[in-house]
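See below for the structure under consideration.
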């Protein structure tokens, strides 16, 4: 696995596939760090690159700020918004494509989707080989700061998880809360910022989830080559 930031320019392969982790800096309940999405996306890219075992696959530094307006009522949330994120993604991919064969954004935050879709559509219309993939494990997983994300962080950086603060949040499916969430933000449906139940999370489950996410990313990168 080669980190783009560690390379000297003569060593960068001209037909590289660059995995770009895309996260956020936003509240993740009272027990998880603000950069949870970024940590997960970066780990998924590293593990996917290991699975691909290809010297032409590079892992870029993560984009750590995203579109997180739905979390803005919670202290610490730092969002650049959809329009700014779209511009960043377009300009970054254009720059990388002057030397890379393909750019793949690996997204760890649902609020980034509108920017991602718009940016990738624009870039592909310009003829660039650019795509995006989600850090997805289970379609029935809880939504935010619950079992999945807490398990992943317990696996990746347990010293940063304040498990004694973990509490159940709103456990309804997305369809049930989406109108209120869109209109008024996460705080309107969950006072503690949690959408799910983190109380039974485990590092072992986090390891399994990360492997599943990375396997999916690696397979989709491989089959799209």
Residue in the range 105-122 that is more than 30 Å from residue 30 (Cα to Cα) and surrounded by 18 or more Cβ atoms within 10 Å (Cβ to Cβ) present: yes
Filter result (surrounded by fewer than 18 Cβ atoms within 10 Å (Cβ to Cβ) and touching a residue at least 60 places away in the same chain (Cβ under 8 Å)) within the range 76-102: 99, 101
Residue tally, condition within 20 Å of the chain's Cα centre (by Cα), crowded, with 21+ Cβ neighbours inside 10 Å and at negative phi, over the range 181-225: 13
Candidates 95, 73, 24, 68 - the one that is farther than 21 Å from residue 151 by Cα and under 17 Å from the mean Cα position of the chain (by Cα): 68
Residue 2 being under 21 Å from the mean Cα position of the chain (by Cα), touching a residue at least 12 places away in the same chain (Cβ under 8 Å) and surrounded by fewer than 23 Cβ atoms within 10 Å (Cβ to Cβ): yes
The range 144-168 - residue that is assigned to a loop (DSSP other than H, G, I, E, B) and in contact with a helix residue (DSSP H, G or I) (Cβ under 7 Å, 6 or more places away or on another chain) and, of those, surrounded by the fewest Cβ atoms within 10 Å (Cβ to Cβ): 157
Single match in 187, 206, 169, 193 (criterion: closer than 27 Å to residue 59 by Cβ and modelled with pLDDT of 95 or more): 206
Residues that are farther than 16 Å from residue 71 by Cβ and in contact with a strand residue (DSSP E or B) (Cβ under 6 Å, 6 or more places away or on another chain), drawn from the range 162-220: 165, 217, 220
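So which of 16, 42, 48, 60 ends up being buried (at least 16 other Cβ atoms within 10 Å of the Cβ), within 16 Å of the chain's Cα centre (by Cα) and over 30 Å from residue 200 (Cα atoms)?
Residue meeting the stated conditions: 60.
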Qualifying residues in the range 30-39 (those that are within 17 Å of the chain's Cα centre (by Cα) and not in a helix (DSSP H, G or I)) - the one surrounded by the fewest Cβ atoms within 10 Å (Cβ to Cβ): 33
Residue match in the range 11-24 (condition: within 30 Å of residue 167 (Cβ to Cβ) and in a strand (DSSP E or B)): yes
Residues of the range 143-161 classified as in contact with a strand residue (DSSP E or B) (Cβ under 8 Å, 6 or more places away or on another chain) and either closer than 15 Å to residue 108 by Cβ or free of Cβ contacts under 8 Å to residues at least 24 places away in the same chain (or both), total: 7
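The values are calculated or read from the model by the stated rules, or taken from the named source; none is laboratory data. Because the structure is predicted, anything quoted here is derived from the model rather than measured. With ideal geometry, Cβ positions are generated from the backbone for all residues, glycine too; neighbour counts draw on all protein chains shown.
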